[in-house]
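Here is the structure we will look at.
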Amino acid sequence: MTGIGIDIGSIATKGVLIKDQSYYRVILPTGWNPRAAGHEAIAKLLALSGVERHGVESVVVTGYGRVAFDSADRIVTEIKCHARGVSHLYPEVRTIIDIGGQ
């Protein structure tokens, strides 16, 4: 499976492309246009990985700018993303503190 996750924050946009056992990541400034930052992150991930857009099965977006992004298959809140990630990596953890850039 090949998937892309994008976190469009108020300060930085982070992206990861996961393909089988490999992953590629980018971090870039969000600037004044969160939609453009999300698209730029995807373009950079595709270029790094050599994957074509039609080869990506799912794009999930989160973060402060998630509502401005128009090309996601799924939109998920940051809190849900934090909870799922932490429970996967550290199942014993029960408290998460999010200190965002805004």
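Determine, yes or no, whether ALA43 is within 23 Å of MET1 (Cβ to Cβ) and hydrophobic (A, V, I, L, M, F, W, C).
Judged against the criteria, ALA43 is a match.
Of all residues in region 50-102 being in a helix (DSSP H, G or I) and touching a residue at least 40 places away in the same chain (Cβ under 8 Å), which is farthest from GLY9 (Cα to Cα)?
GLY55
Considering every residue within region 76-88, establish whether at least one is under 17 Å from ASP7 (Cβ atoms), within 15 Å of the chain's Cα centre (by Cα), modelled with pLDDT of 95 or more and surrounded by 13 or more Cβ atoms within 10 Å (Cβ to Cβ).
yes
Can you name the number of the only condition in (1) surrounded by 18 or more Cβ atoms within 10 Å (Cβ to Cβ); (2) over 20 Å from ILE79 (Cβ atoms); (3) of a type outside the set (Lys, Arg) that GLY15 fails?
Every condition holds for GLY15 apart from (2).
Does LEU17 satisfy the criteria of being touching a residue at least 24 places away in the same chain (Cβ under 8 Å) and over 18 Å from ILE99 (Cα atoms)? Spell out how you get there, then give the answer.
Details: touching a residue at least 24 places away in the same chain (Cβ under 8 Å): yes; over 18 Å from ILE99 (Cα atoms): yes.
Yes, satisfied.
The values are calculated or read from the model by the stated rules, or taken from the named source; none is laboratory data. Remember, predicted model here, so these are calculated numbers, not experimental data. Cβ atoms come from the backbone with ideal geometry, glycine included; neighbour counts cover every protein chain shown.
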